[in-house]
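Please read the structure below before turning to the comments.
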Amino acid sequence: MVQANDLLSQPILQVAGASLTIGAVLRAILILVVALFATWAVKRITRRMQVRIGEESASAVYIGGQVVRYIVLFTGLAIAVSALGVDLSALSLFAGALGVGIGLGLQDVVKNFVCGVVLLFDRSIEVGDFIELEDGTNGAVTSIGARATGIVTNDNVTVLVPNASLLNGKLTNWTRNRATRRIHVPFHVALGANKDLVKQAALEAANAVPFTLPEVGRQKSQVWLVGFGDASLRFELVVWPSLEAVKRPGSMMAAYCWALDDALQKYGIEIPVPQQEVRFRGPLEGAALPGRDERTRPPSHEELGDSGNDAAIEIDTASKPRSNGA
């Protein structure tokens, strides 16, 4: 036992006039391990609390958890250095040189860390928000870390964006304050179509999509005639979809386009397509084209066995609560 104590008190290095012993190094390592375990435990507890309290307060819990993790980690580092027996005041010159090195070599790391802290407290974006970057990348925010913010796209691709880029660049937050947004779905019909009939068909299409919100107050589905094209009238279906649908813009637009096509076909409203006139001279004039049967027609949805509006089904499935095995 005496030999073990002598071994632990054996100096192995001199730093700033203090002797580092094996026992001091082991204590410092133990303190760091405890601090890292505590940060991991705080992260797990934060995630469980986010699931239990719901999406509305999940962001506040996440911010609190991140702050606690930073405090625990920095406190553990400070206690570990003190456990080594190093006099920090004697390291002022070394600390100054280290600060210059950090300023030059790790300036991006420090900048991203500070920007991450600003994002946490600024709350311009929060965990769970659906954002879109300048380059067109969009997805749900899953984490705001010390260096980068994690975004998961609807194709389950994780994108890590430096915090400084989010703070200094332009982005669109489609679900800020957990509120839905009005969506414009463009479509066009043949010139001369009955506008009232087009409006009726478009509104029926909006009501046929399950995630269209009920008309309450200013949240009403509308049909706008926005312009004229080449032999066409250009309309927009203006709707208020659910928050879950806003988070899936591709599926949302596909669902409305599907419903619009069904409704326009129901009322016999023509969708104009570019046409070209081809004339044949000589022996081909009046002859039937090979491989073309005048009696052929495209198969209907029933004949193809379509299962329905797949995009709408996807959003409806995503909006249903999932069982959590935690």
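The values are calculated or read from the model by the stated rules, or taken from the named source; none is laboratory data. All figures in this text were calculated on a predicted structure; none of them were measured in a lab. Please note: Cβ atoms are built from the backbone with ideal geometry, for glycine as well, and neighbour counts cover all protein chains shown.
From the set of residues in segment 85-141 that are acidic (Asp, Glu) and surrounded by 11 or more Cβ atoms within 10 Å (Cβ to Cβ), which is modelled with the highest pLDDT?
The selected residue is GLU132.
From the residues in segment 134-170 that are touching a Leu at 6+ places or on another chain (Cβ under 9 Å) and among the charged types (D, E, K, R), which one is nearest to THR46 (Cα to Cα)?
Ranking the qualifying residues of segment 134-170, first place goes to ARG147.
From the list VAL239, VAL209, VAL246, VAL226, which residue is closer than 27 Å to TYR267 by Cα and touching a residue at least 60 places away in the same chain (Cβ under 8 Å)?
VAL209
Would you point out which residue out of ALA201, ALA148, ALA140 is under 10 Å from the mean Cα position of the chain (by Cα) and small (Gly, Ala, Ser)?
Just a single option satisfies the conditions, and that option is ALA140.
So, in segment 26-43, how many residues would count as being surrounded by 15 or more Cβ atoms within 10 Å (Cβ to Cβ) and either closer than 7 Å to GLY76 by Cβ or in contact (Cβ under 8 Å) with a residue 40 or more places away in the chain (or both)?
Looking only at that region, the number is 5.
If we keep just the residues of segment 214-244 that are among the small types (Gly, Ala, Ser) and at pLDDT below 90, which is surrounded by the fewest Cβ atoms within 10 Å (Cβ to Cβ)?
GLY217
If you go through segment 142-158 one residue at a time, how many are assigned to a strand (DSSP E or B), among the aliphatic types (A, V, I, L, M) and surrounded by 15 or more Cβ atoms within 10 Å (Cβ to Cβ)?
Result for segment 142-158: 3.
Could you tell me whether GLY76 is modelled with pLDDT of 65 or more, touching a strand residue (DSSP E or B) at 6+ places or on another chain (Cβ under 6 Å) and more than 19 Å from SER143 (Cβ to Cβ)?
Against the criterion (modelled with pLDDT of 65 or more, touching a strand residue (DSSP E or B) at 6+ places or on another chain (Cβ under 6 Å) and more than 19 Å from SER143 (Cβ to Cβ)), GLY76 does not qualify.
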